[in-house]
1. Considering only Cα-Cα distances, which of the following residue pairs are longer than 26 Å: B:LYS28/B:LYS56; B:LYS56/B:LYS311; A:LYS159/B:LYS28; A:LYS80/B:LYS54; B:LYS97/B:LYS129?
2. I want the local charge near A:ILE10. Using Cβ-Cβ distances under 10 Å, sum +1 for each Lys or Arg and -1 for each Asp or Glu among the other residues.
3. Under a Cβ-Cβ cut-off of 10 Å, what is the net charge of the residues other than B:ILE23 that fall near it, where Lys and Arg count +1 and Asp and Glu count -1?
4. Wrap a convex hull around the Cα atoms of the stretch A:3-233, take a quarter of its surface area, and give that in square nanometres.
5. Whenever you get a sec, compute what percent of the accessible area on the protein assembly as shown sits on carbon and sulfur atoms (1.4 Å probe).
6. Measuring from the lowest to the highest alpha carbon on each principal axis, how far does the stretch B:55-356 reach, largest first, in angstroms?
7. List the chymotrypsin sites (Phe, Trp or Tyr not before Pro) in the stretch B:7-105 that DSSP assigns to loop (not H, G, I, E or B) and whose Cβ has at most 12 other Cβ atoms within 10 Å. Which are they?
8. So between B:ARG297 and B:GLU326, what do we pick up on full extension, going 0.36 nm a residue minus the alpha carbon distance?
Amino acid sequence: MCLVLGGKRIKSRLFVGTGKLPNYELIKDIINEADIDVVTVAVRRASKDSTRENILDYIPKDTIIMVNTSGARDHKEAVKIALIGRELTNSDWVKVEIEADTKYLLPDNEETIKACEILVKEGFKVFPYISPDLIVSKKLEDIGVCAVMPLGAPIGTNKGLVAKELLKTIISEVKIPVIVDAGIGRPSHAAEAMELGAEACLINTAIATAKDPVNMAKAFKMAIDAGRKAYEIGILKEKEYADASSPLTGFLRGV
Amino acid sequence: MNLDEFVNLYEEYKKKPSKKEAIDILNKDEITEVDYIKLLNCYDLDVLEIAARKAKDITERYFGKNIFLYVPLYISNFCSSGCIYCGYSCFNKIKRKRLNIKEIEDEMKALKKRGFQSILILTGEDNTKEGFNHLKDAVRLARRYFSEVLIETSPLTLDGYMELVNEGLTGVTLYQETYDLDTYKKVHLLGEKRNFKARLWAIERAIEAGVREVNIGCLLGLCSDYLKDVFLLSMHAMYLLKKYPKIELSISFPRIRPFKGMNFDYTEVSDLELVKFIVYTRLLLKNVGINISTRERSDLRDNLIGLGVTKMSAESKTSVGGYSKESDSLGQFEVSDKRSLDEIIKVIRSKGYNAEFINWVMI
């Protein structure tokens, strides 16, 4: 089944961050070789005012750019950054990222809700990055965001789905897509998120800091596709005891 | 911040750990202040190698494969303080100069043309009204050309910092120079800089005035117990991060460099010590930027890429001006890494890192 987000059909459920890569040429290679549809770009890195390299020159034209408000400390800064980002990239997709803490880089959900309210009214396709909280997710759904992007674990920790139980509540209760963002360190973590019913995963550090980012992106893509396929088929539930195909006590019931 | 408490903690634990003890510390996810003291006192190269690998991983997780480049611009060398380690000291009979607005703009244009997006504007310790207005003009002008505008000047009042934030100031660099009070008194002989506490608290005024980032540091070699200085610097950083969790904080470990007329004894700090400070500090302060300026040799700077360093100055002049045309003033200290920006970018890339110029978009 194809994913539809912000009015667009998305083939690849792997979204890729661009801020930590060792060079910009890799962005093009990752997009082309791992078939990526959506990349995030920090507005602070996309200035056209630079006499040096511009990250936007390395992103193929048909790729969807989700501008990222990282660096914003409150909703007012996030809104301003999103407006600048839209102007720079001609993209109205925005990942709202507001961090009020530089140590753990955890998102400020309260400020994020405020920013999303304004940005949805401004006509953006809004994708808020949040700490995994069902109530916040529902509020964001009511506001009209395209998807919620809860973290699996704090940014860059590579710890996987430490917030698994909370993610499950969000996936189960909100109707908009859930994209797991942050903390995913291995393809198996991404597969797990997809098996839970996430619609996509956004990976940055684990690809950017890998020895071979292009092939690591491909590995994540395969894991995400596998996890999604399994979810769509319907994953058998884990059971405490073996479920014998020939019941041991069937004779009592005349089997 | 209760400095005495940290001094006591340092004195209590400042002994060389066994290799096993040091490796046990490295196996922890989070190290404590006491662990950090022990590591600073560890000289085992095997331990340092293990720590360096961990520091590299942590740095990449937090900062990606990026080295952020900035450039300093000295706009004035007028100074009312007498600090024995500084070429701009009022005791030094050097030609004093203040760039006029046209000259500042020429310098900024020249730097912008080279690709810099982040500028650090420096002056001597000039607390006059004239000096402040000159600085304010420079910040206003810098905002037109650069995404990030930082200053390194004498401490300002809260109102002073707020005025500059309104003009576009994004960050403040302010080094305590040394956290050892006795040493501080011995090296600061004249002027407002003699006031240790006034300097210590000033960085908080800058944060409260609304700057996004601050950079703190101490001049290694001023205090003979430089391990204590490094420890107290890191404690200062931890204190600031706890009190102001939104602030982007960087630290610097500058080592004393010679300047014309220099005449005082200082303690040599070896390359090994510097590497230790960077690596072990990264284990304690995972999210803090670590800055290495051109006062360090090019070969050392190259080898530090990937060990915890996140920011570097490039193509620096420590004379007043000197980018758009040759400066006729003496430098505050001798620059060691004199390579061009393009050469430095080439090395960064060859090490598998991206040279970044923008870390903040001016909004």
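The values are calculated or read from the model by the stated rules, or taken from the named source; none is laboratory data. What you are looking at is a predicted structure, and each value in this text was computed from that prediction instead of being measured. No Cβ is skipped: glycine too gets one built from the backbone with ideal geometry, and neighbour counts run over all protein chains shown. Just the protein is used for accessible areas: all its heavy atoms, side chains included, with ligands, DNA and RNA removed. Shrake-Rupley method; radii C 1.70, N 1.55, O 1.52, S 1.80 Å.
1. Working: B:LYS28/B:LYS56 16 Å; B:LYS56/B:LYS311 14 Å; A:LYS159/B:LYS28 15 Å; A:LYS80/B:LYS54 37 Å; B:LYS97/B:LYS129 16 Å.
Over 26 Å apart, Cα to Cα: A:LYS80/B:LYS54.
2. Working: positive: A:LYS8, A:ARG9, A:LYS11, A:ARG13; negative: A:ASP37, A:GLU199.
So the surrounding residues net to +2.
3. Details: positive: B:LYS19, B:LYS20; negative: B:GLU21, B:ASP24, B:ASP44, B:ASP46.
Net local charge, B:ILE23 excluded: -2.
4. The orientation-averaged projected area of the Cα hull of the stretch A:3-233 comes to 11.2 nm².
5. Details: 13010 of 25800 Å².
Carbon with sulfur: 50 percent of the solvent-accessible area.
6. Dimensions of the stretch B:55-356 along the principal axes of its Cα atoms: 47, 45, 37 Å.
7. Counting only loop positions with at most 12 other Cβ atoms within 10 Å, the chymotrypsin sites (Phe, Trp or Tyr not before Pro) in the stretch B:7-105 are B:TYR43.
8. On the way: separation 29, 0.36 × 29 = 10.44 nm, distance 2.26 nm.
The span from B:ARG297 to B:GLU326 would gain 8.2 nm if fully extended.
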